[in-house]
């Protein structure tokens, strides 16, 4: 997990901002909200954290079968 | 953070430990070729970048082993860098040892290379466009993004691989089942839903289901049906059962059809009225009256009514009453019969219902579509079977007409239903398909847990993929956009710096600033275009001079440095090693101005052998300190000194060294000092190939220029005249040292040599400020000087006015007379 206190360089911050802008148009609102939370916590660049969103989504909607 | 001190040992030309007190300042390291300047630069690279590593092994056998001083043993190379404030970096035979601040500084250097040497200037232009892009891109500090992109890509591949494996397992499992089905019912998609859909289609084809609900529960029901039919004579039993039900319904229809549909409620009301009339006192009194009346003779008077006995009339009354009683009895019997008929019919209905439900697998007839609940509700009709009384009461409540209508409708619907059920029964020759259906459903239900587990895994992985893929694609695109944006910014900086060194307005400037075109196809490419005589040039190397090309290389380096320096953790260090070799001094001067104006936040270490360039660096960059490398030997390595150190060292030698040692140290001082004086005082020296002047060539023009100044400044510089006289043998001493060593000792005994060395020190101290490292120069001009002063004015000689001169000369005359 990345340190949320890390201050990224301008270029990294720009890449993150542009990525979020793009994702807003392609991801469902619930996922986008979860992604934004990761950004706020400084965990957006941690891939495992991103995968957790899909797992939580599964536990919320899954179970039937 | 900057470099405060560097200590180097056994690296290339440096044998014994050399310590440089850089004090966090910018320095000019000036010395001739082969004096060890580059050894210092290489040592810094080793410590800060981890490149140019001196390896152990047989000296000179490989490039790495050549980086060690050839006279040192193994493990001996070492560089220690101390940073201002805190921080230390040490590299040696044991590898790297650095504290936190040291490591941070080293990381900053690795991320934003602060080193530039002559040989690297054309690297960028000579590189392939893709390599150029990678080089530029490496400066953007997007490592964390690249790592994330790699992670996302790896993760997506892993997930895709897992999905593929799960799908293959699921498909293998389902294919095995699907292949057992008749060909026309094999699923197009080998998913559990596909297989289930096929099973229901087959079930529908065999008439075992309507096939509308496709889920595991319905599949289980279909499986049970198929099992019932396929086990032993199940199909025949079913057919028989349904035929029985059909027969029961037929009989029921016959039974129901003639059921009395009279208004039983009206009958009941009439009987009730009669009950009241028969139960009234009229009948009893009538009978008493009749008995007494009959006892009397015809014509007597009755004691009851007092009337003459009329037997005929009385008999008529009795007959009337008796006929009413007869009617009541008849009504009661009719109602009883009515109720009995219905009761029997209802019992038959209930029995028939049992047969139908059992045959068709129904809980009740109301499970059949279009069969409504019976009138009065199921609960009320239960009472119909309890007793005659209750049945009659319930029948009166429900109403026989309504019940009859319901029974007729239900019987019709049930008959149609059973007819359909019989029609849907599989033909006898399809029993094989029923068995297959039964087997496949059983197998599918057995594997349900595994199938659902695999499907859950696939579903979760697909969700992960659906999330990771857009994030990867969005981040990749954003990274490309940002790289393009930043590299365009850097390209603009390069063009700006180039224009500062080669201003477009200059008469002989036919080249224009190069443009860097970044294109993002494939991994990214960077093309460098030039402009020559107002025409675009695809490759600057075709037309730009070596000097112009070097300038392009320098500008790219400076632009990248400027970009990196925006990062708070940047090293803000710049090490330039002989980068102006091909650049004429006019343009080099603009480069110095550019460094001064735009990079005053950097610690700059400039290595050069070019005396004039060094001079201009010192003049144009305030605060730049100078370190002279005055010589080198295999045993001792480079002779590093600024004038203050060299002067101190020479002073020490004067007291206890041999004449030759004194002379050698004096020459190190005077060679360097006079070379610098040549530029500072703009001395005219005879042309010489290679521009490599020594004291021998400079001494006479120097003396001539100084004597002219002495004339102008009089008493202020009088001792200079004396010192020049005392030092007249300097060129001779230099020649003796170089070529006539044996005669040297005879000609210059120790006391003579010590005296000459002392005079050398005095001359240096008179004309050169050891504090601000500048000469006392004529101000305002060389031709009409009014003052001779160093930059800090510690040395300041004022030219006397004519009246002062006259006064001085008058005083002299008076004294002499």
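Six or more apart or on different chains, Cβ under 6 Å: which pairs go from a residue in the range A:50-61 that's at the interface with chain B (Cβ under 7 Å from one of its Cβ atoms) to one that's modelled with pLDDT of 85 or more and outside any helix (DSSP H, G or I)? Could you list them?
The qualifying pairs do not exist here.
Among the numbered criteria (1) at the interface with chain B (Cβ under 8 Å from one of its Cβ atoms); (2) under 13 Å from the mean Cα position of the chain (by Cα); (3) modelled with pLDDT of 85 or more, which single criterion is violated by residue A:39?
If we test residue A:39 against (1) at the interface with chain B (Cβ under 8 Å from one of its Cβ atoms); (2) under 13 Å from the mean Cα position of the chain (by Cα); (3) modelled with pLDDT of 85 or more, just (1) comes out false.
For the range A:8-25, how many residues are more than 8 Å from every other protein chain (Cβ to nearest Cβ) and either modelled with pLDDT under 90 or surrounded by fewer than 11 Cβ atoms within 10 Å (Cβ to Cβ) (or both)?
Residues in the range A:8-25 being more than 8 Å from every other protein chain (Cβ to nearest Cβ) and either modelled with pLDDT under 90 or surrounded by fewer than 11 Cβ atoms within 10 Å (Cβ to Cβ) (or both): 2 in total.
Can you find a residue that is touching a residue at least 12 places away in the same chain (Cβ under 8 Å), closer than 24 Å to residue B:484 by Cα and away from chain A (no Cβ under 14 Å) anywhere in the range B:99-112?
yes
Taking the criterion of being at pLDDT 90 or above and not in a helix (DSSP H, G or I), would at least one residue in the range B:721-740 satisfy it?
yes
Out of B:67, B:106, B:9, I need the residue that is in contact with a strand residue (DSSP E or B) (Cβ under 7 Å, 6 or more places away or on another chain) and closer than 18 Å to residue B:633 by Cβ. Which one? Reasoning before the result, please.
Values: B:67 fails: closer than 18 Å to residue B:633 by Cβ; B:106 fails: closer than 18 Å to residue B:633 by Cβ.
The conditions single out B:9.
Quick check, is residue B:326 farther than 30 Å from residue B:420 by Cα and modelled with pLDDT of 75 or more?
Working: farther than 30 Å from residue B:420 by Cα: yes; modelled with pLDDT of 75 or more: yes.
The answer is yes for residue B:326.
Only residues in the range B:434-455 that are under 14 Å from residue B:221 (Cβ atoms) count as the first member; pair them with residues that are not in a helix (DSSP H, G or I), Cβ under 7 angstrom, at least 6 apart or cross-chain, and list the lot.
Pairs found: B:437/B:206.
Output the residues belonging to the range B:477-489 that are more than 9 Å from every other protein chain (Cβ to nearest Cβ) and either crowded, with 21+ Cβ neighbours inside 10 Å or under 15 Å from residue A:44 (Cα atoms) (or both). Full working, then the answer.
Taking the range B:477-489 as the starting set, the residues that turn out to be more than 9 Å from every other protein chain (Cβ to nearest Cβ) are B:480, B:484, B:487-489.
Hit for the range B:477-489 is B:487, nothing else.
Step by step: first the residues of the range B:455-476, then only those that are over 15 Å from the mean Cα position of the chain (by Cα) and facing another protein chain (nearest Cβ under 8 Å), then the one that is surrounded by the most Cβ atoms within 10 Å (Cβ to Cβ). Which residue is that?
B:464
How about the range B:139-168: which of its residues are buried (at least 16 other Cβ atoms within 10 Å of the Cβ) and farther than 30 Å from residue B:487 by Cα?
B:159, B:160, B:162, B:163, B:166, B:167
Return yes when residue A:33 is at pLDDT 85 or above and either closer than 19 Å to residue B:479 by Cα or facing chain B (nearest Cβ under 7 Å) (or both) and no when it is not.
Numbers: at pLDDT 85 or above: yes; either closer than 19 Å to residue B:479 by Cα or facing chain B (nearest Cβ under 7 Å) (or both): no.
The answer is no for residue A:33.
Taking the options B:683, B:674, name whichever one is in a loop (DSSP other than H, G, I, E, B), crowded, with 18+ Cβ neighbours inside 10 Å and at pLDDT 85 or above. So that I can check it myself, show each step before the final result.
Values: B:674 fails: in a loop (DSSP other than H, G, I, E, B).
On inspection, the qualifying residue turns out to be B:683.
Conditions tested, residue by residue: (1) out of contact with any helix residue (DSSP H, G or I) (no Cβ under 9 Å at 6 or more places or on another chain); (2) assigned to a helix (DSSP H, G or I); (3) at negative phi.
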residue	(1), (2), (3)
B:569	no, no, yes
B:576	no, no, yes
B:580	no, no, yes
B:591	no, yes, yes
B:600	yes, no, yes
B:607	no, no, yes
B:612	no, yes, yes
B:615	no, yes, yes
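If you take the residues in the range B:115-147 that are assigned to a loop (DSSP other than H, G, I, E, B), in contact with a helix residue (DSSP H, G or I) (Cβ under 7 Å, 6 or more places away or on another chain) and more than 14 Å from chain A (Cβ to nearest Cβ), which one is farthest from residue B:1 (Cα to Cα)? First the steps, then the outcome.
First pass over the range B:115-147, keeping only residues assigned to a loop (DSSP other than H, G, I, E, B): B:121-122, B:127-128, B:141-142.
Now narrow it down to the ones that are in contact with a helix residue (DSSP H, G or I) (Cβ under 7 Å, 6 or more places away or on another chain): B:121-122, B:127, B:141-142.
From what is left, the residues that are more than 14 Å from chain A (Cβ to nearest Cβ) are B:121-122, B:127.
Values: B:121: 27, B:122: 30, B:127: 33 Å.
The residue in question is B:127.
Tally the residues that are more than 37 Å from the chain's Cα centre (by Cα) and farther than 25 Å from residue B:669 by Cα, restricting the search to the range B:25-57.
Result for the range B:25-57: 4.
Among the residues of the range B:530-544, is there at least one that is crowded, with 22+ Cβ neighbours inside 10 Å, more than 14 Å from every other protein chain (Cβ to nearest Cβ), part of a strand (DSSP E or B) and touching a residue at least 12 places away in the same chain (Cβ under 8 Å)?
Yes, there is a match, as at least one residue in the range B:530-544 is crowded, with 22+ Cβ neighbours inside 10 Å, more than 14 Å from every other protein chain (Cβ to nearest Cβ), part of a strand (DSSP E or B) and touching a residue at least 12 places away in the same chain (Cβ under 8 Å).
Could you figure out which of (1) under 30 Å from residue B:213 (Cβ atoms); (2) in a helix (DSSP H, G or I); (3) at pLDDT below 90; (4) more than 14 Å from chain A (Cβ to nearest Cβ) isn't true of residue B:187?
With (1) under 30 Å from residue B:213 (Cβ atoms); (2) in a helix (DSSP H, G or I); (3) at pLDDT below 90; (4) more than 14 Å from chain A (Cβ to nearest Cβ) applied to residue B:187, the lone miss is (2).
Which one of B:723, B:718, B:727, B:683 is in contact (Cβ under 8 Å) with a residue 24 or more places away in the chain and more than 22 Å from residue B:746 (Cβ to Cβ)?
Working: B:718 fails: in contact (Cβ under 8 Å) with a residue 24 or more places away in the chain; B:727 fails: more than 22 Å from residue B:746 (Cβ to Cβ); B:683 fails: in contact (Cβ under 8 Å) with a residue 24 or more places away in the chain.
Step by step, each of B:723, B:718, B:727, B:683 is checked, and only B:723 is in contact (Cβ under 8 Å) with a residue 24 or more places away in the chain and more than 22 Å from residue B:746 (Cβ to Cβ).
What's the number of the only condition in (1) at pLDDT below 85; (2) over 30 Å from residue B:455 (Cβ atoms); (3) facing another protein chain (nearest Cβ under 7 Å) that residue A:2 fails to meet?
With respect to (1) at pLDDT below 85; (2) over 30 Å from residue B:455 (Cβ atoms); (3) facing another protein chain (nearest Cβ under 7 Å), residue A:2 is out only on (3).
The values are calculated or read from the model by the stated rules, or taken from the named source; none is laboratory data. The structure displayed is predicted, hence computed values, not measured ones. When we count neighbours, we look across all protein chains shown, and the Cβ atoms used for this are built from the backbone with ideal geometry, even at glycine.
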